[in-house]
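Trainee: Below is one structure. I have some questions about it.
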Amino acid sequence: MRNIYKYFFLGLIFITLNKAYTKQNIIDNVRISDKAEPASTRIVLDLTNKTAYSVFTLDNNPRLVIDLEATSYRRFDEFKSNIIKNIRVNNNDKGVIRIVFDLSKKAFIEKNFYLKKNNKNLFRLVIDLKYQNNIKTVVKKKIKKKKYFIITVDAGHGGLDPGAVRYNYREKDITLLAAKELKSLLVKKGYKVYLTREKDKFISLRQRRELAKKYKSDLFISLHVDSVKKKATRGTSIYTLSDKASDKVTAMLAERENKVDLIAGIDIGKVDNEVFSILLDLQRRDTKNASASFAEIYVEKIRKKGYRALKRPHRHAGFAVLKSPDIPSVLIELGFLSNPKDAKNLSNKKSRMRVLKALAEAIASYAKIRSNI
């Protein structure tokens with residue numbers, strides 16, 4: 001489930017960041033040792049360089065997963081273990097190698113840390129696993145298990161920022177109604193849902209992301225309604241984060257949305273540092289992939305329901321509101337206020353619920369997939 005991602009963290013991070021990506025890092029060997037009392041397993045990876053990594057466990061078909069900044073790996077020695085059945089390696093993602101340990105039973109990570117170089121001039125990344133009888137007691141002490149898949153729904157704009165305004169309709173009013181209606185649909189499906197705003201108030205883009213973090217969200221959805229010069233343009237679309245916009249219209253849209261904070265005197269430039277940090281690179285990759293996965297599901301549901309969408313409904317841009325490094329985030333344009341038919345549909349609850357029901361189904365499908373990773 002997505003909530004397992006709150007358990008994983010990017011290991012040790014070092015000071016010489018400017019050199020970290022230029023060095024070759026080789027996984028020289030993997031060593032495994034079991035202990036009977038207390039029931040545990042220690043995994044040691046020998047590395048030529050100390051680098052960023054993430055490590056987490058999955059309960060479905062129990063596995064331990066390590067994502068590591070590395071360029072290559074050498075053939076691992078044979079191993080004997082009571083808990084580890086198999087080791088699989090995937091290095092399809094350039095610069096990142098994923099090592100998956102198939103486990104015979106559920107386990108949790110007790111510790112993970114680096115040791116200094118040994119006499120072979122290799123760093124050692126150590127992961128200690130525990131399992132069997134002490135898993136329940138230790139997990140209860142260390143981790144409060146989430147009972148729900150958590151979604152934060154963001155009603156775009158608000159307060160002194162009305163968003164798009166056409167035909168006496170205001171974007172901030174439509175998005176707030178849609179957010180409340182989507183929450184109602186999702187709660188009925190058994191999900192925990194938070195709203196970034198429940199009334200007509202201004203919230204900065206950074207605060208919206210911080211609220212999603214505060215609520216320990218598994219998914220962040222920002223609802224918007226677009227407006228363009230061409231009145232014929234209509235239909236829904238979904239945006240995921242990218243440093244480069246997929247087209248000129250998308251770039252203009254992102255620029256307009258990102259300037260929202262300037263209305264309240266907030267310098268959006270100060271926000272960007274957090275997302276370009278090299279320390280969060282591995283986490284951001286997973287988040288981007290998860291966001292894109294949700295976007296594909298949404299597009300599929302919309303098309304299946306026969307709801308109007310843009311020709312290329314999944315687009316990419318540098319929306320500031322999507323820049324949470326560890327929460328899959330999407331921005332959804334429900335339609336266009338600049339189009340009379342869309343404006344009428346979006347202002348009518350019955351018509352609006354068509355797209356919101358498709359969105360709720362997409363969220364349910366996504367949550368199911370994330371639960372089985």
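The values are calculated or read from the model by the stated rules, or taken from the named source; none is laboratory data. Remember, predicted model here, so these are calculated numbers, not experimental data. Don't worry about glycine lacking a Cβ; one is built from the backbone with ideal geometry, like all the others, and counts go over all protein chains shown. The protein model used for the area step is the full one, side chains on, heavy atoms only, and it has no ligands, DNA or RNA in it. Shrake-Rupley method; radii C 1.70, N 1.55, O 1.52, S 1.80 Å.
Trainee: Leaving out ligands, DNA and RNA but keeping every protein chain, what accessible area does LYS183 have, in Å² rounded to the nearest 10, with a 1.4 Å probe?
Mentor: For LYS183, the solvent-accessible surface is approximately 60 Å².
Trainee: So, taking all protein chains as they sit and a 1.4 Å probe, how much accessible area belongs to THR41, in Å² rounded to tens?
Mentor: 0 Å²
Trainee: About the Cα centre of region 291-343, how large is the charge dipole given +1 on each Lys and Arg Cβ and -1 on each Asp and Glu Cβ? Please answer in debye to the nearest 20.
Mentor: 320 debye
Trainee: A 18 angstrom limit on the alpha carbon distance is what I want to check against. Which of LYS180/LYS349; LYS230/LYS323; LYS35/LYS111 exceed it? If you can, show how the numbers build up before the last one.
Mentor: On the way: LYS180/LYS349 11 Å; LYS230/LYS323 29 Å; LYS35/LYS111 15 Å.
Over 18 Å Cα-Cα: LYS230/LYS323.
Trainee: Show GLU78, GLU181 ordered by accessible area, largest first, where the area counts protein heavy atoms only and the probe is 1.4 Å. Before the final figure, lay out the partial values.
Mentor: Numbers: GLU78 185, GLU181 25 Å².
Reading off the accessible areas and sorting them downward yields GLU78, GLU181.
Trainee: Indicate the gyration tensor shape class of region 158-204 (rounded, prolate or oblate), computed on the Cα atoms with a ≥ b ≥ c the square roots of the eigenvalues: a/c under 1.5 is rounded; otherwise a/b larger than b/c is prolate and the rest oblate.
Mentor: Details: a/c = 4.15, a/b = 1.85, b/c = 2.24.
Verdict is oblate for region 158-204.
Trainee: For region 173-239, build the charge dipole from Cβ charges (+1 Lys, Arg; -1 Asp, Glu) around the Cα centre, then report which of PHE202, VAL228, ALA212 sits farthest towards its positive end.
Mentor: ALA212
Trainee: Sticking with this structure for a sec: Which distance in Å, rounded to a whole number, links the C-alpha centroids of region 310-338 and region 156-187?
Mentor: Centre-to-centre distance over Cα atoms comes out at 16 Å.
Trainee: Would you mind classifying region 310-373 by shape? Square roots of the alpha carbon gyration tensor eigenvalues, ordered a ≥ b ≥ c; an a/c under 1.5 is rounded, otherwise it is prolate if a/b is larger than b/c and oblate if not.
Mentor: Values: a/c = 2.58, a/b = 1.45, b/c = 1.77.
Cα axes put region 310-373 in the oblate bin.
Trainee: Put a dot 7 Å past each Cα toward the Cβ at ARG74 and ALA36; how far apart are the dots in nm?
Mentor: 3.3 nm
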